[in-house]
Amino acid sequence: MAAPGFFRNNGALTVDGIDLGLLAAEHGTPLWVTSGAAIRAAYAELVQGLGSALGDRFRLHYAVKANDNQAVLSLLRGLGAGADVVSIGEVERALAAGFAPADILFSGVGKDAPALERAIALGLHQINIESEGEFRRIAAIATRSGRTVDLAFRLNPDVASGTHAKIATGGAETKFGLDAATVARLYAEAAAHPQLRPRGLAVHIGSQLGSFAPYAEAFEAVGTLARALLAAGLPVERLDLGGGFGIAYRSGQQPLDIASFAAGVAKLLGDLPVRFAFEPGRRLVAAAGALVARVTDIKQGGRRFVVLDAAMNELMRPALYDAWHSIVPVGRAEGRALQTVDVVGQVCETGDIFASQRELPALEEGEAVAILDAGAYGAAMSSTYNARPLAAQLLVDEGRVAVVRARQSIAALIAADSVPDWL
Ligand SMILES: *Cc1c(COP(=O)(O)O)cnc(C)c1O
């Protein structure tokens, strides 16, 4: 087989060798298509790259929020991944996909008492603490229930990650994590509590990072704090170094080099008596997914607009983050004239733009296009704005095609509401 994922075969765009045009005709559009082979390849690349410098001293915990479809979760569980979750809903999704509590690492800001009660009753692998309030809530539940809790403290290392401001999480002005002095104080308190087991530190400085430099700054801060805790006689056995591994959305962009990332981790932190966890989301699933849409209209105003039957409610990233996604015809692209167009959706928002002033092969009304690298933060961020039902999702895996989420019907959308009897 050729490279896993999306490639052309005799001019037609295929997913693992299956014609996307046929899938679009059979299942309708907008349509999410995920390649199982591409996820397997991305997982293998990460395990190999991290292992090159860290041996077997690490585990991957897939960041569920990137793509929380049950089939995607089951596939990654089967490969050996743990799960990184940021809500109780994601805990339940991970359990439903077969992850054991011991595979689940619970991150995320503002975990409330009901979520913590459930997490502690389950005995998750680790809860990453984001605030002093969260620590107090956990301590109270542990004391009352008598259950032990494995904890890590998320350090906010106050570094700039150089990524888009809306996906940077490592600066002191963001809501994430705790400063080093607070971590040190709470860590000692946790160690003295009969039910709390402080295991180590966590850090996650942002998403879509292309170089090791911002990580290095954060990991140095983690190393300094870990050494201080160890010197104070406190146990530090685990370092959770987060995710954020970048991909190339467009030519010229550098994906994060995993082997040199791993070598950097080994150099900065390898001497510590710890096991590492990583929480990649995007890098495992982004390139494995496409959003297939049909051109519903082509109109010439002040600009030439190509209108798709997909919109920002399906794929929000361009509107939210100014993200760039490759857009290609599903049919043969070669031999067409190039045109500069704005590719837009059907939603009544000026910002509903997939690509602005993009040079594309001339497109025709009714034909299918694919928006590539949409497997992460795509379907998972969808909404039903403008009364647009959630789109269907397919998984293509080893020659098989499965509908892994049925297209929502408009009737189901309406049926979710109820009208009080006084109206
Ligand atoms: C979102 C998130 C991740 C995953 O980030 P990617 O850029 O998709 O790898 C990892 N850890 C935490 C705590 C997150 O919030």
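Based on a Kirkwood Rh over C-alpha pairs, give the Stokes-Einstein translational diffusion coefficient of segment 47-146 at 20 °C and viscosity 1.002 mPa s in µm²/s.
151 µm²/s
Computed on alpha carbon atoms, what radius of gyration and Dmax characterise segment 221-269, expressed in Å?
For segment 221-269, the Cα-based Rg and Dmax read 15.1, 49 Å.
If one puts a single equal scatterer on every Cα of segment 24-103 and applies the Debye formula without solvent, what log₁₀ I(q)/I(0) results at q = 0.26 Å⁻¹?
Values returned for q = 0.26 Å⁻¹ are -1.23.
Past the 28 angstrom mark, what percentage of all C-alpha to C-alpha distances in the chain do you count? Let's see the in-between values first.
Numbers: 45924 of 89253 pairs.
Considering the chain, 51 percent of its Cα-Cα pairs are separated by more than 28 Å.
Among F99, F276, F305, which comes first, second and so on when ranked by fewest other beta-carbon atoms within 10 Å?
With the sparsest Cβ surroundings first, the list reads F305, F276, F99.
Lys/Arg Cβ at +1, Asp/Glu Cβ at -1, dipole of segment 17-85 taken about the Cα centre: which of G80, L31, Q70 is farthest positive-ward?
Looking along the dipole axis, the top candidate is G80.
Arranged from highest to lowest average of other beta-carbon atoms within 10 Å per residue, in what order do the peptides 343-352, 129-138, 109-118 appear?
Per-residue mean Cβ counts within 10 Å order the peptides as 129-138, 343-352, 109-118.
Given the DSSP H assignment, sum -39500 (n - 2.57) over each helix run of at least 4 residues in the chain and divide by its residue total; what's the result at 222 nm in deg cm²/dmol, nearest 500?
-9000 deg cm²/dmol
Taking Cα pairs under 8 Å and at least six residues apart, what relative contact order does segment 62-172 come out at, in percent?
Reported as a whole number, the value is 18 percent.
What relative contact order, as a whole-number percentage, does the chain give when Cα pairs under 8 Å and 6 or more residues apart are counted?
19 percent
At q = 0.11, 0.15 Å⁻¹, what log₁₀ I(q)/I(0) does a Debye calculation on the Cα points of segment 102-242 give, no solvent, two decimals?
For segment 102-242, the Cα-only Debye profile gives -0.38, -0.70.
Filter the DSSP H helices in the chain by two things, a Kyte-Doolittle mean of at least -0.5 and an axial alpha-carbon span of 24 angstrom or more, and list the hits by number. Present the calculation step by step, with values, prior to reporting the outcome.
On the way: long enough: 36-54 (27 Å, 0.85); 213-231 (27 Å, 0.82).
Passing helices, by number: 36-54, 213-231.
Listed highest first by mean packing, meaning other Cβ atoms within 10 Å per residue, what order do 386-392, 332-338 come in? Walk me through the intermediate numbers first.
On the way: 386-392: 17.9, 332-338: 10.7.
The densest-packed peptide leads the list: 386-392, 332-338.
How long, wide and thick is segment 264-423, going by the Cα atoms along their three principal axes, in whole angstroms, largest first?
62, 60, 36
So how far apart, in nm, are the two label points at A172 and R8 if each is 7 Å from Cα heading toward Cβ?
Between A172 and R8, the label points sit 5.2 nm apart.
Quick note: the coordinates plus some simple rules give every number you see, no bench work behind them. Please read all numbers here as calculations on a predicted model, not as lab measurements. No Cβ is skipped: glycine too gets one built from the backbone with ideal geometry, and neighbour counts run over all protein chains shown.
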